[in-house]
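Comments concern the structure below.
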Amino acid sequence: MYKKVEGKSVQKTDEKPIYKKLPRHILFLIPTVLVVLLFGAIMGAIAGFMSTPQVPEDSAVKLEATDTGDRQITKEISFKVQILSSENPIESNSPYFKGLKNVWEYKDSGLYKYTIGNKRDIQAASALQSEIRKKGFTDAFVVAFQNGKRIPVRKALKFLK
């Protein structure tokens with residue numbers, strides 16, 4: 001059946017809009033679900049904001065711990081990616097570093113060890129490790145430091161809990 005609208009012939013349909021085809025209980029659920037999702041997102045954002053320490057990405061995390069003698073001990077924890085070790089020191093502009101900048105050297109067990117990065121959490125250090133491996137340092141691995149001294153990663157993670 002055709003109907004004239006403003007002088008033009010338009011086909012009239014008896015089809016209902018999509019929202020009128022849905023059962024009534026579904027129509028009531030849609031806004032309820034949207035409100036619940038929005039509320040959950042807001043509360044999650046607030047909880048994340050309140051519990052996440054505001055520390056710059058490339059800095060160590062300072063933790064305060066009480067010693068048995070009631071004195072405060074500061075434990076600075078950082079994660080780095082070790083890329084090389086050598087019996088002899090290597091110049092910072094050496095081709096061994098494949099153009100990497102800000103390589104840090106430390107000596108441990110009679111070896112010169114070279115790291116890059118200074119991350120506050122293990123996830124950021126692991127991401128850096130992946131990038132470094134793609135650049136040809138296939139044996140690169142994450143190491144942890146406390147107050148500038150190397151410690152086992154397990155111990156660093158325990159301090160961060």
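A short reminder: the numbers here are calculations on the coordinates, not readings from a lab. Here the structure is a predicted model, which is why all the values come from computation and not from measurement. Here the Cβ positions follow ideal geometry from the backbone for every residue, glycine too, while neighbour counts run over all protein chains shown.
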**Asked** So how strong a dipole does segment 69-140 carry about its Cα centre when Lys and Arg Cβ are +1 and Asp and Glu Cβ are -1, to the nearest 20 debye?
**Response** 240
**Asked** Which of the residue pairs Lys135/Lys155; Lys101/Lys155; Lys107/Lys161; Lys101/Lys158; Lys119/Lys149; Lys80/Lys155 have a Cα-Cα distance greater than 25 Å in the structure shown?
**Response** Lys135/Lys155; Lys101/Lys155; Lys107/Lys161; Lys101/Lys158
**Prompt:** Sorted from largest down, what three extents in whole angstroms do the Cα atoms of segment 61-160 have along their principal axes?
**Reply:** 50, 28, 19
**Complete:** Between the residues Gln129, Asn102, Thr115, the Cα farthest towards the positive end of the dipole of segment 61-160, that dipole coming from +1 and -1 charges on the beta-carbon of Lys, Arg, Asp and Glu, is from Gln129
